[in-house]
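What follows is calculated from the coordinates using simple rules that are stated; it is not laboratory data. Just so it is clear, the structure is predicted and the values come from calculations on it, not from any experiment. Methodologically, a virtual Cβ is constructed for each residue, glycine included, from the backbone with ideal geometry; neighbour enumeration extends over all protein chains shown.
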Amino acid sequence: GNCDLFHNKGIGRRLSIEGVTCTLEHLVAKGLGDWVDSKRKEKCHVFWNTPSQWADIILAWANETGSTNTVYTLYELCEGDTGSGTAFEGISEALLLKALNILEKASRVALLSQDGEVEGVKFL
């Protein structure tokens, strides 16, 4: 209710909670958002690219840099030197995993897990 994104102080207007929820539900339906708390719908991650678009961006990067048959940790891609200067620099690990899962289903990457947690990825 107090999100500045939906508040225009210049004209003293604010979008109602129902309006905010409707807007966010539309973004989620279009693949441009994810509810953090899907039951209460009070927090939502909003994406400027869909996970599928991120998958394409990441795969293009891997191909352009000759990273096939190379293993990277998720940290290296999100926050490390490897991802520095890329379109996906600073991407959240959760969104990166969504994109990598798409690539795994397409047999373009292999996800590497330890103790049930995905720790890295190998581009195929």
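No solvent, one uniform scatterer per C-alpha: report log10 I(q)/I(0) for the stretch 51-123 via the Debye equation at q = 0.17, 0.18, 0.19, 0.20 1/Å, two decimals. Once normalised to I(0) and log-transformed, intensities are -0.53, -0.60, -0.67, -0.76.
Across the stretch 1-93, Cα pairs under 8 Å and at least six residues apart give a relative contact order of 13 percent.
Simple rule: put +1 on each Lys or Arg Cβ and -1 on each Asp or Glu Cβ in the stretch 4-46, find the dipole, and look at Leu24, Cys44, Ile11; the Cα lying farthest toward the positive end is Ile11.
Among 95-106, 76-87, the peptide with the highest mean count of other Cβ atoms within 10 Å heads the list, and the full ranking is 95-106, 76-87. Principal axis analysis of the Cα atoms in the chain yields extents of 55, 30, 23 Å, listed in decreasing size.
Computed over all pairs of different Cα atoms, the Kirkwood value for the hydrodynamic radius of the stretch 1-55 is 12.1 Å.
Across the stretch 51-123, the mean sequence separation of Cα contacts (distance under 8 Å, 6 or more residues apart), normalised by length, yields a relative contact order of 38 percent. From its DSSP helices (H runs of at least four residues, each -39,500 (n - 2.57)), the chain gives a residue-normalised ellipticity at 222 nm of -11000 deg cm²/dmol.
If R₀ is 35 angstrom, what is the calculated FRET efficiency for the pair Ile11 and Ser38, using the beta carbon separation as r and rounding to 0.05?
Using R0 = 35 Å, I get an efficiency of 0.60.
For the chain, the tally of Lys pairs with Cα-Cα distances below 27 Å comes to 12, considering only residues 8 or more apart or on different chains.
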